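Trainee: Have a look at the structure that comes next, please.
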Amino acid sequence: MLSKEQIVQIENASLQEGLSIVADLFPGKVVFSSSLGQEDQVITDVLFRNNIPVKVFTLDTGRLYAEAYELLDRTMARYKQPVHVYFPEAEAVEAFVNAKGVNSFYESVENRKECCYIRKVKPLNRALAGAAVWVTGLRSAQSANRQVMKMLEWDEDRKLYKFNPLIHWSYDEMMDYIQLHNVPYNPLHDKGFISIGCAPCTRAIEPGEDPRAGRWWWETSQKECGLHTAR
């Protein structure tokens, strides 16, 4: 377990320093989950450019935009380092689709959450197995749920630390970094897609809309898939 002094040191460090400290404290047990969003591309750039020993992985739900796959390919070509891909279990997807339909997530929140659980949460659990620290690209401005999240917190369910090094970053800070370092990102972001998930469940947003409005736009839920919950 981390001491209070170590937690303060990590939270007060720069992005690069914080990631390096965590990697040193938990060698071989720090993983970063990238959804290939702009925030995640910033962290990927820092990790790969500085050779920080953190495993980078992403979840391929099988329903992503073509632009996401192209970005994944460009990212690995740019940095010459692997982004590990985790897929959902074929049997679980087949059972869900055959029982409820290929687009049944439009019919109810329960169906949508079940689809997210099969395609995202279960693969994430496999990716996090054996990890001591889970690094994310969450920012507090992304949703009301994320405004209460801390930079470093203990995930009791998964028995690991969740490290959110960008939690206090603004959108402008993120974009400044991307432009300064010419970080590759999904071109859909330039077309009004702020948060990009599965293609059937993501749309562009209008000026003034909440950043999460484009996710599951037909729902009035908390706009979360189950990967990240406030504690």
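Trainee: What is the number of the single condition among (1) of a type in the set (S, T, N, Q); (2) over 18 Å from W169 (Cα atoms); (3) outside any helix (DSSP H, G or I) that Q6 does not meet?
Mentor: (3)
Trainee: Shifting gears a bit: What do you reckon, is T61 in contact with a strand residue (DSSP E or B) (Cβ under 6 Å, 6 or more places away or on another chain) and either not in a strand (DSSP E or B) or not basic (K, R) (or both)? Reasoning before the result, please.
Mentor: Working: in contact with a strand residue (DSSP E or B) (Cβ under 6 Å, 6 or more places away or on another chain): yes; either not in a strand (DSSP E or B) or not basic (K, R) (or both): yes.
Criteria met by T61.
Trainee: With the condition kept exactly as written, say whether any residue in the stretch 184-191 is part of a loop (DSSP other than H, G, I, E, B), at pLDDT 95 or above and touching a Lys or Arg at 6+ places or on another chain (Cβ under 9 Å).
Mentor: Yes.
Trainee: Residues E70, E89: which one is touching a Lys or Arg at 6+ places or on another chain (Cβ under 7 Å), over 20 Å from A131 (Cα atoms) and not hydroxyl-bearing (S, T, Y)? Lay out the reasoning, then the answer.
Mentor: Values: E70 fails: touching a Lys or Arg at 6+ places or on another chain (Cβ under 7 Å).
None of the other options fit; the residue is E89.
Trainee: If T61 satisfies all but one of (1) closer than 20 Å to N125 by Cα; (2) out of contact with any Cys (no Cβ under 8 Å at 6 or more places or on another chain); (3) among the β-branched types (V, I, T), what's the number of the condition it fails?
Mentor: The number of the failed condition is (2).
Trainee: Sticking with this one: For the stretch 16-58, what are the residues that are in a loop (DSSP other than H, G, I, E, B) and under 22 Å from S195 (Cα atoms)?
Mentor: Hits for the stretch 16-58 are S34, S35, L36, G37.
Trainee: Only residues that are over 11 Å from P184 (Cβ atoms), touching a helix residue (DSSP H, G or I) at 6+ places or on another chain (Cβ under 7 Å) and not in a loop (DSSP other than H, G, I, E, B): list them for the stretch 68-87, please.
Mentor: Y86 - this is the single residue of the stretch 68-87 that is over 11 Å from P184 (Cβ atoms), touching a helix residue (DSSP H, G or I) at 6+ places or on another chain (Cβ under 7 Å) and not in a loop (DSSP other than H, G, I, E, B).
Trainee: Hey, among the residues in the stretch 157-183 that are of a type in the set (S, T, Y) and not in a loop (DSSP other than H, G, I, E, B), which one's surrounded by the fewest Cβ atoms within 10 Å (Cβ to Cβ)?
Mentor: Going through the qualifying residues, I end up with Y171.
Trainee: Inspect all residues belonging to the stretch 97-106 and state whether any of them is in contact with a helix residue (DSSP H, G or I) (Cβ under 9 Å, 6 or more places away or on another chain), within 19 Å of T44 (Cβ to Cβ) and aliphatic (A, V, I, L, M).
Mentor: No - not one qualifying residue is present in the stretch 97-106.
Trainee: Filter the stretch 195-216 for residues that are in contact with a strand residue (DSSP E or B) (Cβ under 8 Å, 6 or more places away or on another chain) and assigned to a loop (DSSP other than H, G, I, E, B) and give the result. Before the answer, list the steps.
Mentor: Quick first cut of the stretch 195-216, residues in contact with a strand residue (DSSP E or B) (Cβ under 8 Å, 6 or more places away or on another chain) only: 195-199, 201-202, 214-215.
Listed by number, the residues that qualify are S195, I196, G197, G214.
Trainee: Follow-up. Could you tell me which residue of the stretch 205-231 is modelled with the lowest pLDDT, considering only residues that are surrounded by 15 or more Cβ atoms within 10 Å (Cβ to Cβ) and among the small types (G, A, S)?
Mentor: Within the stretch 205-231, the match that is modelled with the lowest pLDDT is A213.
Trainee: Can you name the residue in the stretch 18-53 that is of a type in the set (V, I, T) and in contact with a strand residue (DSSP E or B) (Cβ under 8 Å, 6 or more places away or on another chain) and, of all such residues, is surrounded by the fewest Cβ atoms within 10 Å (Cβ to Cβ)?
Mentor: At the first step, the residues of the stretch 18-53 found to be of a type in the set (V, I, T) are 21-22, 30-31, 42-44, 46, 52.
Remaining after also requiring in contact with a strand residue (DSSP E or B) (Cβ under 8 Å, 6 or more places away or on another chain): 22, 30-31, 43-44.
Numbers: V22: 24, V30: 24, V31: 21, I43: 23, T44: 25.
By that ranking, first place goes to V31.
Trainee: Kindly indicate whether A127 is assigned to a helix (DSSP H, G or I), in contact with a Leu (Cβ under 9 Å, 6 or more places away or on another chain), touching a residue at least 12 places away in the same chain (Cβ under 8 Å) and not hydroxyl-bearing (S, T, Y).
Mentor: Working: assigned to a helix (DSSP H, G or I): yes; in contact with a Leu (Cβ under 9 Å, 6 or more places away or on another chain): yes; touching a residue at least 12 places away in the same chain (Cβ under 8 Å): yes; not hydroxyl-bearing (S, T, Y): yes.
In short, yes.
The values are calculated or read from the model by the stated rules, or taken from the named source; none is laboratory data. Note that the structure is a prediction, hence the values are computed from the model and not measured. No Cβ is skipped: glycine too gets one built from the backbone with ideal geometry, and neighbour counts run over all protein chains shown.
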